[in-house]
Amino acid sequence: MSGVEGFMYPNEIELQWSVLIVLYPFITGLVAGAFILASLERVFLVEAVKPTYRLALLTALAFLLDAPLPLQLHLGHPERSPEMYFTPHSTSAMAMFGYVYLWYLMAVLVLEIWLDYRRDIVILSRKSKGLLRLIYKVMTLGSSNISPRSLAIDEKVGWVVTLIGIPSAFLLHGYVGFIFGSIKANPWWSSPLMPVVFIFSAMVSGIAAVMLLYMSATKMRRKAIDMRCVDTIAMYLFYIFIIDFSLEMLDLIHRIYEADESFRSLNFMVHTRLYFSHIVIQIFLGTLTPLILLFLTQVVKLTEVLRKRVYATSGCLAMIGIFAMRWNVVIGGQLFSKSFLGYTTYKMALVTREGFLVAIGLTILPLIFLWILVKLLPPWPEQSLHAPAPGD
Amino acid sequence: MGVFKDAGHLFRFTGLFVLAFLAFLLIRGYVVPKTFGQYGHYRAAAIGEIAGRPVKFAGHKACEDCHTDIVDVKMKGKHAHVNCEACHGALAKHADDPTSMTPTKPDTAVLCARCHTASAAKPTGFPQVNPADHSNGVPCETCHNPHSPAIDGGGAK
């Protein structure tokens, strides 16, 4: 049997959860992380990160729209997925997740973006022509009231929505961690720390993603990068990364010290089949290297150019590290036999429905969504629109 | 009343939610089967529908009445506990009226490999071979009697 070593139960030889299920928590993590960065400005009043506020919201929306697609492609009967909503199953964590997703999409993200952009949408609906005008008109919901009073109300409501949004973002991604962490039969997953680790790693990847998107988009638009903003983001990235790393190490040390009946098997797996993706990519390349780089920016006075390079490098490495973490959780949890007597291998297909090319496509798709959203709702601070003269 | 006027757009947004919820309820009323949830988290009418399906398998006892010769051979061989229909497929129709359909002979290259191809997941005590090495494309029944497969058991043709 190809790739099998020792004894596997029949249903363990082929992995049921493919690279798309790796992609899924990675993408929802970016959503939660980007949203939390946005809430820094809104709720925690970190003025410096304001230039990324709207971009972070649009990033969260773009990735949230992409998030269910890997799951749909994984399902044998995707057309049956709405049944999850029609006949809710209250004791199934996975089934209830549909509601969490919908709540977060509609009641938090779309509402917050709409409130924040309402003034722009109304102005754009007056300025633009043709189809665009129609789109903006629909987006105003037929109300063009942008009096100072109404905008003040939006501001207050938006604040409340963000406040509700923070626990919702935690819920969205904590839930993904919970689904893994609550699988009693799988010792690689079953840990109450799982949701917490997922949330903090989500924040790391989301913040890194928005930072990278902001830097590259600003470069492409040939504008100056707001260094105060990027410095602040990098600082938060550093702190949250430390918490994330500590939690992961806590989990690891706890497992090593506890050394329960699964330990020998998992230990062997980490030293053989998962060595490259776990020790080399996730811990050394994707966590320790960016942490050291970010640490340098905090203690040494570097020039602006150098800082930008360090931020870009550590941002990319952090994303790779978090992706590797999702990979090691999802794929790693299926490589060993629940009898602890054998190991299998994951062979990624290339062009199948759950193959490599589809995974690449689903990674690029949110960037296309984001591009459309940015065109439709410009998030750049210097493009703030002026209302037409009174009497309009 | 100015507050209500200036918050009008929020009522529109809320209205959108209410509309979406009503649409959801409406669709739900149409697509969820009437008997869903009567006994549990499934469609109760499915029980009757499944029970009403024609029986496809006749069971070992049915074959024994007519194919006594084969049953006698099989009883003594290693396949004693393998059901006839595990190899021949569902034959309720044939057992009811043998002349109505004559079962086709199974293709042993596919059939035997299904159970005997070596795999790490099978208990070590279970007889297993790698068909390509073991018979190299020669049909299994050339050497093994399907009804009493052991070579040394005197079952060989």
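The values are calculated or read from the model by the stated rules, or taken from the named source; none is laboratory data. On a predicted model such as this, the values are computed, not experimentally measured, just so you know. Quick reminder, even Gly has a Cβ in these numbers, built from the backbone with ideal geometry, and neighbours come from all protein chains shown. Surface accessibility is based on the protein's heavy atoms, side chains included, excluding ligands, DNA and RNA. Shrake-Rupley method; radii C 1.70, N 1.55, O 1.52, S 1.80 Å.
What the table below lists for this structure:
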read-out	value
Probe 1.4 Å, protein heavy atoms only - accessible area per residue of the protein assembly as shown in square angstrom	54 Å²
Helix-derived mean residue ellipticity, 222 nm - over chain A, DSSP H n ≥ 4, -39500 (n - 2.57), to 500	-21500 deg cm²/dmol
Apportionment of accessible area to carbon and sulfur, chain A, percent (1.4 Å)	70 percent
Electrostatic dipole magnitude of the protein assembly as shown [Cβ: Lys, Arg +1; Asp, Glu -1; Cα centre; debye, to 20]	1880 debye
Quotient of Cα Rg and 2.2 N^0.38 Å for segment B:8-51, N being how many residues it contains	1.82
Reach of A:LYS347 by Cα under 30 Å, taken over lysines that are not fewer than 8 positions away in the same chain	A:LYS184, A:LYS338, B:LYS122
Simple Cβ-charge dipole of segment B:1-139, Lys/Arg +1 and Asp/Glu -1, about Cα centre, in debye nearest 20	660 debye
Chain-alone versus full-assembly comparison, segment B:89-125, residues with accessible loss of at least 20 Å² (1.4 Å probe)	B:SER119, B:ALA120, B:ALA121
Mean separation of Cα contacts under 8 Å (6+ apart) over length of chain B, as relative contact order %	17 percent
Percent RCO, i.e. relative contact order, over chain A, from Cα pairs under 8 Å lying at least 6 residues apart	31 percent
Solvent-accessible area buried by A and B, counting both chains, probe 1.4 angstrom, square angstrom	2000 Å²
Packing-based ranking, highest mean first, of A:198-207, A:317-326, B:46-55 given that Cβ atoms within 10 Å are counted	A:198-207, A:317-326, B:46-55
Backbone N under 12 Å from the A:MET227 label point (7 Å along Cα→Cβ), restricted to segment A:291-323	A:301-309
14 Å beta-carbon shell around A:VAL305, net charge (K/R +1, D/E -1)	+3
Projected-area mean, segment B:105-157, by convex hull of Cα positions, square nanometres	4.0 nm²
Largest to smallest principal axis extent of the C-alpha atoms in segment B:1-131, angstrom	95, 41, 25
Quarter of the Cα convex hull surface for the protein assembly as shown, i.e. its orientation-mean projected area (nm²)	35.8 nm²
For segment B:22-71, residues shielded by at least 50 square angstrom of accessible area compared with the chain on its own, probe 1.4 Å	B:PHE24, B:HIS41
Cα-based equivalent ellipsoid of segment A:142-242: semi-axis lengths in Å, sorted from largest, via gyration tensor	33, 24, 11
Cross-link reach list, lysines versus B:LYS93, counting only Cα pairs under 20 Å and skipping chain neighbours closer than eight places	B:LYS56, B:LYS61, B:LYS105
On Cα atoms only, tilt of A:194-220 relative to the major axis of chain A in degrees	50 degrees
Percent breakdown of C-alpha pair distances by 5 Å bin, ordered from the shortest bin, for segment A:9-127	2, 9, 15, 18, 17, 13, 10, 8, 4, 2, 1, 0, 0
Accessible area of chain B belonging to carbon and sulfur atoms, whole % at 1.4 Å probe	65 percent
Principal axes of segment A:63-214: Cα extent on each, largest first, Å	59, 33, 30
Separation of alpha-carbon centers, segment A:160-213 and segment B:67-127, rounded to whole Å	51 Å
Drop in accessible area of at least 50 Å² in the complex versus isolated chain, residues of segment A:67-107, 1.4 Å probe	A:PHE86, A:THR87
Largest-first principal axis extents of the Cα set of segment B:56-103 (Å)	30, 18, 15
Two-site FRET efficiency, A:HIS77 against A:SER143, from Cβ-Cβ distance with R₀ of 60 Å, rounded to 0.05	0.90
When the convex hull of its Cα atoms is projected in every direction, mean area for segment A:246-286 (nm²)	2.9 nm²
Lysines whose Cα lies under 30 Å from that of A:LYS137, excluding same-chain neighbours fewer than 8 positions away	A:LYS50, A:LYS127, A:LYS129, A:LYS156, A:LYS375, B:LYS5
